[in-house]
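J.: Below: one structure in structure tokens.
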Amino acid sequence: MSQGVRRAGAGQGAAAAVQLLVTLSFLRSVVEAQVTGVLDDCLCDIDSIDNFNTYKIFPKIKKLQERDYFRYYKVNLKRPCPFWAEDGHCSIKDCHVEPCPESKIPVGIKAGHSNKYLKMANSTKELEDCEQANKLGAINSTLSNQSKEAFIDWARYDDSRDHFCELDDERSPAAQYVDLLLNPERYTGYKGTSAWRVWNSIYEENCFKPRSVYRPLNPLAPSRGEDDGESFYTWLEGLCLEKRVFYKLISGLHASINLHLCANYLLEETWGKPSWGPNIKEFKRRFDPVETKGEGPRRLKNLYFLYLIELRALSKVAPYFERSIVDLYTGNAEEDADTKTLLLNIFQDTKSFPMHFDEKSMFAGDKKGAKSLKEEFRLHFKNISRIMDCVGCDKCRLWGKLQTQGLGTALKILFSEKEIQKLPENSPSKGFQLTRQEIVALLNAFGRLSTSIRDLQNFKVLLQHSR
């Protein structure tokens, strides 16, 4: 090899090394500029959330999600889109959701509402009888008439006025149980016009966007030149607290979902065996401050804000579950007791967090205006829950519905404080109730946020190791 060729090769090697250093400096910028400091609209710093989630919440919520009561979720994935003609369901194999056979569902879960309160229902019946029991037939015959009437009131109570979500009718033949552990949320390849239309409808029609703002809020929208980047978000400062919160919740949910997809990406498939794992390139595309012109870190901050909102809801709803009347009933008495103990332990941790979001700062104006704004807030979110039925990928639809319902349940809790404080110890209350579907969605949705923050820490480590 001639000396000139060797020099040229050395020059190319040096250029490649320089390019590698530049690339790694960008990667470091992701780590260093990710998210730091105190969050807007609350007095909580990100490092405190990271430590709290890593050492207290994440290990316990992960274990809770593996319990039978929380792993089976009943959902209707066949509800038609109420807003536009559907493009047809995704044919990609990873979009498929495998429903759980009835034989695999714990008998106490299949029996439905009648077994929600084990101390009142099924205390003398055999498990086989539970499957045929109707709502009132399952009540222990030794209950007082007053308790029976309270149970009937609860069974009839329609609290749709307080719902932030459009709930699936669990009695529908199209509703099926899904084992969440066997259908994990991960990258499916679902994208394009269908996915863009869903998120565009959520952002443009429901996030209180001012008419003076022309650029789409949807991060999936094409670049808008000078409107791109962090400076675009000055419009948020002109909104009231409640509308800013609404936008941050949706943006945080979107960021969380994107993190799940980046952390569970199809890396390769050999002989029909897929390999899933973190995709740094995809993470950079969605969150790198350079590639997103500063918008990525804002999206991640909104994830932390959403985490705080749901954390606050869990701390507020603890008294509901601390009552002796409430059991997480599956039919396995020992496991049910352990599950409730674990759940109460998580609630104790949530109450110990020192920097909670103060929901009382919301809807605090004049009563008439505050009531109107709260109703607008509720209806906008309920509309988003309906949009989830327009998602073309079944697995994306499953997890979108669950996480939206979980957040909707958290909002319902935050704005039902008086009703929760008045809960009777030994009988159902028609003032505030949670269905099993809401309970499962609430804890799994928070588990997803906890996992997102954990995944973010893992990406930081991966990026540091790639230097």
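One line per residue, one yes/no per condition, for (1) polar (S, T, N, Q); (2) buried (at least 16 other Cβ atoms within 10 Å of the Cβ); (3) modelled with pLDDT under 90; (4) assigned to a helix (DSSP H, G or I):
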{"site": "226", "(1), (2), (3), (4)": "no, no, yes, yes"}
{"site": "258", "(1), (2), (3), (4)": "yes, yes, no, yes"}
{"site": "262", "(1), (2), (3), (4)": "no, yes, no, yes"}
{"site": "299", "(1), (2), (3), (4)": "no, yes, no, yes"}
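J.: Just one of the numbered conditions (1) open to solvent by less than 50 Å² (accessible area, probe 1.4 Å); (2) in a helix (DSSP H, G or I); (3) at pLDDT 50 or above is not true of residue 30; which one?
T.: Failed condition: (3).
J.: Of 106, 99, which residue is within 29 Å of residue 277 (Cβ to Cβ), modelled with pLDDT of 50 or more and not acidic (Asp, Glu)?
T.: 99
J.: Hey, can you tell me all the residues within the stretch 327-342 that are of a type in the set (A, V, I, L, M) and in contact (Cβ under 8 Å) with a residue 60 or more places away in the chain?
T.: 328, 342
J.: Then there's this: Residue 418: open to solvent by 40 Å² or more (accessible area, probe 1.4 Å), touching a Gly at 6+ places or on another chain (Cβ under 7 Å) and either hydroxyl-bearing (Ser, Thr, Tyr) or over 26 Å from residue 183 (Cβ atoms) (or both), yes or no?
T.: no
J.: Still on this structure, I have one more. Has the stretch 288-296 got at least one residue that is crowded, with 20+ Cβ neighbours inside 10 Å, basic (Lys, Arg) and touching a residue at least 40 places away in the same chain (Cβ under 8 Å)?
T.: Within the stretch 288-296 (the criterion being crowded, with 20+ Cβ neighbours inside 10 Å, basic (Lys, Arg) and touching a residue at least 40 places away in the same chain (Cβ under 8 Å)), the answer is no, since none of the residues qualifies.
J.: Something else now. Among the residues of the stretch 314-325 satisfying the criterion of being touching a residue at least 40 places away in the same chain (Cβ under 8 Å) and under 19 Å from residue 438 (Cα atoms), which is most open to solvent (accessible area, probe 1.4 Å)?
T.: 319
J.: Residues in the stretch 264-281 that are within 18 Å of residue 95 (Cα to Cα) and surrounded by 18 or more Cβ atoms within 10 Å (Cβ to Cβ): how many?
T.: Total satisfying the criteria: 2.
Conditions (1) buried (at least 18 other Cβ atoms within 10 Å of the Cβ); (2) part of a helix (DSSP H, G or I); (3) within 22 Å of the chain's Cα centre (by Cα), marked per residue:
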position: 365; (1), (2), (3): no, no, no
position: 371; (1), (2), (3): no, yes, no
position: 381; (1), (2), (3): yes, yes, yes
position: 397; (1), (2), (3): yes, yes, yes
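J.: Something else: Going by what's in this entry, would residue 428 be described as surrounded by 22 or more Cβ atoms within 10 Å (Cβ to Cβ) and part of a loop (DSSP other than H, G, I, E, B)?
T.: Against the criterion (surrounded by 22 or more Cβ atoms within 10 Å (Cβ to Cβ) and part of a loop (DSSP other than H, G, I, E, B)), residue 428 qualifies.
J.: A follow-up question, please. From 344, 328, 306, 300, which residue is hydrophobic (A, V, I, L, M, F, W, C) and closer than 30 Å to residue 86 by Cβ?
T.: 306
Okay, residues lined up against (1) touching a strand residue (DSSP E or B) at 6+ places or on another chain (Cβ under 7 Å); (2) small (Gly, Ala, Ser); (3) open to solvent by 60 Å² or more (accessible area, probe 1.4 Å); (4) not in a helix (DSSP H, G or I):
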| site | (1), (2), (3), (4) |
| --- | --- |
| 305 | no, no, no, no |
| 312 | no, no, no, no |
| 327 | no, no, no, yes |
| 348 | no, no, yes, no |
| 360 | no, no, yes, no |
| 388 | no, no, no, no |
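J.: While we're looking at this one, here's another question. Which members of the stretch 410-425 meet the condition of being in contact with a Phe, Trp or Tyr (Cβ under 9 Å, 6 or more places away or on another chain) and either in a loop (DSSP other than H, G, I, E, B) or among the small types (Gly, Ala, Ser) (or both)?
T.: 410, 415, 416, 422, 423
J.: Additional query: Taking the stretch 436-467 as the search range and keeping residues that are open to solvent by 30 Å² or more (accessible area, probe 1.4 Å) and not charged (D, E, K, R), which one is farthest from residue 339 (Cα to Cα)?
T.: Taking the candidates together, the pick is 466.
J.: Using the structure shown, decide if residue 385 is of a type in the set (Gly, Ala, Ser) and closer than 29 Å to residue 193 by Cα.
T.: yes
J.: Name the residue that is least open to solvent (accessible area, probe 1.4 Å), counting only residues in the stretch 161-187 that are assigned to a loop (DSSP other than H, G, I, E, B) and among the aromatic types (Phe, Trp, Tyr).
T.: 164
J.: Identify, by number, the condition in (1) within 30 Å of residue 423 (Cβ to Cβ); (2) in contact with a Gly (Cβ under 9 Å, 6 or more places away or on another chain); (3) modelled with pLDDT of 85 or more; (4) not basic (Lys, Arg) that residue 170 doesn't meet.
T.: The single condition residue 170 does not satisfy is (3).
J.: Shifting gears a bit: When both residues are 6+ apart or on different chains and their Cβ atoms are under 8 Å apart, which pairs have a first residue that lies in the stretch 227-249 and is free of Cβ contacts under 8 Å to residues at least 24 places away in the same chain, and a second that is in a helix (DSSP H, G or I)?
T.: Matching pairs, first to second residue: 236/244; 236/247.
The values are calculated or read from the model by the stated rules, or taken from the named source; none is laboratory data. As the structure is a prediction and not an experimental result, all values here were calculated from the model. Glycine gets a Cβ as well: all are built from the backbone with ideal geometry, and neighbour counts include every protein chain shown. Surface areas here come from the heavy atoms of the whole protein model, side chains and all, with no ligands, DNA or RNA. Shrake-Rupley method; radii C 1.70, N 1.55, O 1.52, S 1.80 Å.
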